[in-house]
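S.K.: Have a look at this one.
A short reminder: the numbers here are calculations on the coordinates, not readings from a lab. All values derive from a computational prediction rather than experimental measurement. Cβ sites come from the backbone with ideal geometry, for glycine too, and all protein chains shown count toward neighbours.
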Amino acid sequence: VVKALQEHRFGRALNPRRGASVECRFGAPFDTSGVLYHIATDGGGREYRNPHEAGDVSVSVSSSGGEWDAAHVVQREHADPVYNYTANATGSWIAVDLGEGRSLCINHYCLRTDGHGLFVSNQHKLRHWELQGSNNAQRWTTLRVHANDHSLLEFSLSVASWAVTNSGGDSFRHFRILQTGPNSSHYHNLMCAGIELYGKLSHH
């Protein structure tokens, strides 16, 4: 029964032994089918634990602002308000390392803004950025470009999702959000309180 429930939520494992892959299929933003949720629950076999705090994945940032907690980036749910942002610097980025032995052929992802917008709408929302992938955290491949994208709405903890169609079938261990222009408040702070990834997760 447990195995059947896991397959329903995450997709059927292609190989149960070392080298297995699992399809983490997108249904809705920050649902229980994402890669980070899969890692955080060990494929549904344990209670959810924040994967950064548990040491299962690692979050890094170009520079931290006044309020920053790396764990917020991979936390599935938040209570308002949560403020999480980089310093006001061009080229700000946030990256997630899926960990040794893991790689993902991504086909969908979603983001959540932080608590800005709770009292004054349309504050500091991402508008210009790229989703990038890498296997060494040095050379990055651009997987999707966002230019003047208003998908993340004005309110606090807004969420949005996007398909990724140009990965070329490649898998990556590291994923990065690189801000390429000012946010909706005309600053370069990158505000993020959540990311989730979807696609074929492989274990090497």
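S.K.: Mind checking the dipole of the chain: about its Cα centre, +1 per Lys or Arg Cβ, -1 per Asp or Glu Cβ, Debye to the nearest 20?
M.R.: 680 debye
S.K.: Using only DSSP helix segments of four residues or longer, with each worth -39500 (n - 2.57), what per-residue ellipticity at 222 nm results for the chain after dividing by its residue count and rounding to 500?
M.R.: Counting only the DSSP helices, I get -2000 deg cm²/dmol.
S.K.: Please identify the longest segment of the chain free of exposed GluC sites (Glu not before Pro), where exposed means a DSSP state other than H, G, I, E or B and no more than 10 other Cβ atoms within 10 Å.
M.R.: Longest run free of exposed loop sites: 101-204.
S.K.: Separate question: How charged is the neighbourhood of Ala137? Take every other residue with its Cβ under 10 Å from the Cβ of Ala137, and add Lys/Arg as +1 and Asp/Glu as -1.
M.R.: +2
S.K.: Scan segment 109-179 for trypsin sites (Lys or Arg not before Pro) in coil per DSSP, keeping those whose Cβ has at most 11 other Cβ atoms within 10 Å, and list them by number.
M.R.: The qualifying sites are Arg139.
S.K.: May I pose another question? Quick one: which residues, 5+ away or cross-chain, put their amide H under 5 Å from the amide H of Leu143? H built at 1.01 Å from N.
M.R.: Leu131, Gln132, Gly133
S.K.: Lys/Arg Cβ at +1, Asp/Glu Cβ at -1, dipole of segment 112-204 taken about the Cα centre: which of Phe155, Gln123, Gln138 is farthest positive-ward?
M.R.: Most positive-ward Cα: Gln138.
S.K.: What are the ³J(HN,Hα) couplings of segment 177-190, residue after residue, when phi is run through the Karplus curve with 6.51, -1.76, 1.60 and θ = phi - 60°? Round to Hz, x for glycine and proline.
M.R.: 9, 10, 7, 10, x, x, 7, 5, 9, 6, 10, 10, 5, 9
S.K.: Asn84: net charge of surrounding residues, Cβ under 12 Å, Lys/Arg +1, Asp/Glu -1, itself excluded?
M.R.: Overall, the nearby charge balance is -2.
S.K.: Let me ask something else about it. Among (i) 49, 35, 26; (ii) 69, 44, 30; (iii) 55, 36, 31, which one is Cα extents along the principal axes in Å computed from these coordinates?
M.R.: Correct label, based on the coordinates given: (i).
S.K.: Mind jotting down the distance between the C-alpha centroids of segment 138-159 and segment 160-204, whole Å?
M.R.: The distance from the Cα centre of segment 160-204 to that of segment 138-159 comes to 7 Å.
S.K.: What are the ³J(HN,Hα) couplings of segment 89-95, residue after residue, when phi is run through the Karplus curve with 6.51, -1.76, 1.60 and θ = phi - 60°? Round to Hz, x for glycine and proline.
M.R.: Ordered by residue, 3J(HN,Hα) equals 9, 5, x, 5, 8, 10, 10 Hz.
S.K.: Which value in nm describes the separation of the simple spin-label points at Tyr48 and Ala163, placed 7 Å from the Cα toward the beta carbon?
M.R.: Label at Tyr48, label at Ala163, 2.7 nm between them.
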